[in-house]
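What follows is a set of notes on a single structure, which appears directly below.
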Amino acid sequence: MRSWWRERSGAAAGRTILSSSDFGRTHRRAGAAVGAAIGLFILPRALRLGRESLRILLQHAPVDVDLDAITADLVAIDGVVEVHDLHLWTLTSEMEVLTAHVVTTDATGAHSVLDAAREVLATRHDIAHATLQVEPASHHGCEDVDW
C-alpha cells in the first residue's frame with residue numbers, strides 16, 4: 001500500500017512542479033516545436049507518396065515514357081506494318097505494363113515479331129511486361145470496333 005502511494009504522490013508532485021515552473025513551460029514549447037518540425041518533415045514525403053499511389057490506383061500512363069517513340073520502334077521491326085491499340089499504364093511502382101496490336105505482313109512469322117518486340121520494349125523502354133497481339137495484314141476485325 002505504501003509503495004502505491006509513493007508512486008502516485010511522486011508523479012503528482014512532479015507534474016505540479018513541471019506545470020508551475022518555467023522548466024515545464026519551456027519544455028512544453030520545445031516539445032511543440034519539435035512535433036511541428038517532424039510534421040513539416042513528413043508532410044511533403046507523405047504528399048509525394050500519396051500522389052504516386054493515386055497514379056498507380058488510377059492506372060495512369062508513366063509520365064516519362066514517349067508512346068510515339070514506342071510505336072515508332074515497334075513499327076521499325078522487320079515485317080511490322082502497323083501498331084494500334086497501344087496502351088501503357090503503371091501496375092506497381094516498379095512495373096509498367098503495355099498492350100498493343102502489332103500488324104505484320106502475311107509472310108512474317110509471329111514468333112520472330114514477338115521476340116523482337118519484347119527485346120525492343122525491354123532494352124529501349126524498360127518495359128518488361130507486354131501483351132502483344134500479332135495480326136496478319138489480311139486480318140480484319142479490329143477496325144470494326146467503334147469504342
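The values are calculated or read from the model by the stated rules, or taken from the named source; none is laboratory data. No experiment lies behind these values; they were computed from the predicted model shown. Counting neighbours? That spans all protein chains shown, and the Cβs are built from the backbone with ideal geometry, glycine included.
Residues in the stretch 40-90 that are out of contact with any Ser or Thr (no Cβ under 8 Å at 6 or more places or on another chain) and assigned to a loop (DSSP other than H, G, I, E, B): Leu58, Val63, Asp64, Val65, Asp66, Ala76, Ile77. Contact map, the stretch 63-77: residues that are more than 15 Å from Val103 (Cα to Cα) paired with residues that are of a type in the set (Asp, Glu) and surrounded by 11 or more Cβ atoms within 10 Å (Cβ to Cβ), Cβ distance under 8 Å, separation 6+ or inter-chain. Pairs shown: Val65/Glu96. The test for being of a type outside the set (Phe, Trp, Tyr), more than 24 Å from Leu54 (Cβ to Cβ) and touching a Lys or Arg at 6+ places or on another chain (Cβ under 9 Å) does not hold for Ala107.
Of the residues contained in the stretch 103-113, one or more are found to be buried (at least 16 other Cβ atoms within 10 Å of the Cβ), over 22 Å from Asp68 (Cβ atoms), at pLDDT 85 or above and out of contact with any helix residue (DSSP H, G or I) (no Cβ under 7 Å at 6 or more places or on another chain). So which residues in the stretch 9-48 are modelled with pLDDT of 80 or more and not aliphatic (A, V, I, L, M)? Within the stretch 9-48, Gly35, Gly39, Phe41, Pro44, Arg45, Arg48 qualify.
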